[in-house]
Amino acid sequence: MSAAERQRTCAACGGPFEPGERTDLETVVAGGILYVAVHPRHSTYPPRRETEAAHRLATAGAA
């Protein structure tokens, strides 16, 4: 059984996985090494400060 089948939802956004949908795996260390399934391009890790700042500037300029 795959991580996506066990979890049924994305560890990052909580959205459900579609049957047969391709997923990514992330390693989480919480008292041991765990592997969690996430949608492609989703992440349970916080964004890098530079990436987040660039995104905020681009969004503020568009508004």
Hey, could you check the range 14-63 for residues that are more than 17 Å from ALA3 (Cβ to Cβ) and polar (S, T, N, Q) and say which is farthest from the chain's Cα centre (by Cα)? THR59
ALA4 meets each of (1) assigned to a loop (DSSP other than H, G, I, E, B); (2) touching a residue at least 12 places away in the same chain (Cβ under 8 Å); (3) open to solvent by less than 100 Å² (accessible area, probe 1.4 Å); (4) not charged (D, E, K, R) with one exception, condition (1)
Identify, from the list GLU26, GLU50, the residue that is without any contact (Cβ under 8 Å) to a residue 24 or more places away in the chain, loosely packed, with under 10 Cβ neighbours inside 10 Å and among the acidic types (Asp, Glu). GLU50
Check whether at least one residue in the range 9-18 is part of a loop (DSSP other than H, G, I, E, B) and open to solvent by 70 Å² or more (accessible area, probe 1.4 Å), and report yes or no. yes
Which one is modelled with the lowest pLDDT, of the residues in the range 19-63 that are in a helix (DSSP H, G or I) and of a type in the set (S, T, N, Q)? THR51
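The values are calculated or read from the model by the stated rules, or taken from the named source; none is laboratory data. Because the structure is predicted, anything quoted here is derived from the model rather than measured. FYI the Cβ positions are ideal-geometry reconstructions off the backbone, even for glycines, and counts take in every protein chain you see. Note: accessible area is taken over every heavy atom of the protein model, side chains too, but ligands, DNA and RNA are not part of it. Shrake-Rupley method; radii C 1.70, N 1.55, O 1.52, S 1.80 Å.
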